[in-house]
């Protein structure tokens, strides 16, 4: 891993109508690290992910990828988006087979057929869905569907992976599987991960860095061990100790 940044944010703000729901004076995401984003519900965590994933624009402020400001030309934006992918808390699967869900993004990136087959077959075995490769994705159970959604992102080997509570509604066995896949992707491919979670134990277990949000504002960011054992802000300290924050 390296200490160089892959994402930088300066004076970022998001307004819905006249209400400001997100403000970030400055933030840095280190390349090759797993960064956890924690905070109470409604703190702006998911909004930040959607903005950084280029799904919606900020109201003001600058975002830098690889030390370059986000481009405005459509072709450049698409090229940047191909380097990233996102997994939501609720699965959004294509109305096709399990196999074709996994292969779809690889085909769109025009990978050779043999490489597509190799990647898809490997990930099918890893997530325990090899026998369901021809099954329609919309007939899977909730846990199976979330495994597939996660695997569909992992199989792309993105440079940046955004995760919005992907294990929130899963049983312990599925949580363990997805966490193992996440760590493997980070270690084997050097993928940078931004991971929203309400599970503080999960954040401590998986992440290198942690960002704490409260009431739409980035309160504190730093190495995960420091955030959880010696935070600088009272709000952060109260949150990681399990006290209620509004």
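What is the extension gain from residue 118 to residue 96, computed as 0.36 nm multiplied by their sequence separation minus the C-alpha to C-alpha distance, in nm to one decimal?
6.0 nm
Which value in deg cm²/dmol, rounded to the nearest 500, describes the helix-derived mean residue ellipticity at 222 nm for the chain, given -39,500 (n - 2.57) per DSSP H run of n ≥ 4 and division by the residue count?
After summing the helix terms and dividing by the residues of the chain, the value is -11000 deg cm²/dmol.
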**OP:** Report the relative contact order of the range 5-240, percent, no decimals, based on alpha-carbon pairs under 8 angstrom and at least 6 residues apart.
**Re:** 28 percent
Original post:
Does anyone have the angle between helix 98-108 and the longest principal axis of the chain? Alpha-carbon axes, 0 to 90°, nearest 10?
Top reply: 70 degrees
**OP:** Give the angle, between 0 and 90 degrees and rounded to the nearest 10, that separates the Cα long axis of helix 142-154 from the longest principal axis of the Cα atoms of the chain.
**Re:** 80 degrees
Original post:
Roughly speaking, what is the stretch gain from residue 139 to residue 198, that is 0.36 nm per residue apart minus the C-alpha to C-alpha distance, in nm to one decimal?
Top reply: 18.4 nm
Original post:
Given the C-alpha centroids of the range 132-197 and the range 22-60, what is the distance between them in whole angstrom?
Top reply: 20 Å
Original post:
Relative contact order of the range 1-125: what whole-number percent is it, with Cα pairs under 8 angstrom and at least 6 residues apart?
Top reply: 22 percent
Original post:
Where does helix 172-189 land angle-wise versus the long Cα axis of the chain, in degrees 0 to 90, nearest 10?
Top reply: 90 degrees
Original post:
If you average the sequence gap of Cα pairs under 8 Å that are 6 or more apart and divide by the length of the range 132-238, what percent do you get for the contact order?
Top reply: 19 percent
Original post:
What ranking do 81-88, 11-18 get when scored by the average of other Cβ atoms within 10 Å per residue, highest first?
Top reply: 81-88, 11-18
**OP:** Determine, from the Cβ-Cβ distance of residue 19 and residue 111 and an R0 of 35 Å, the FRET efficiency 1/(1 + (r/R0)^6), rounded to the nearest 0.05.
**Re:** 0.20
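Since every read-out is calculated from the coordinates, none of them should be taken as a lab result. Predicted model, so just to flag it, every value in this text is computed and none were measured. Methodologically, a virtual Cβ is constructed for each residue, glycine included, from the backbone with ideal geometry; neighbour enumeration extends over all protein chains shown.
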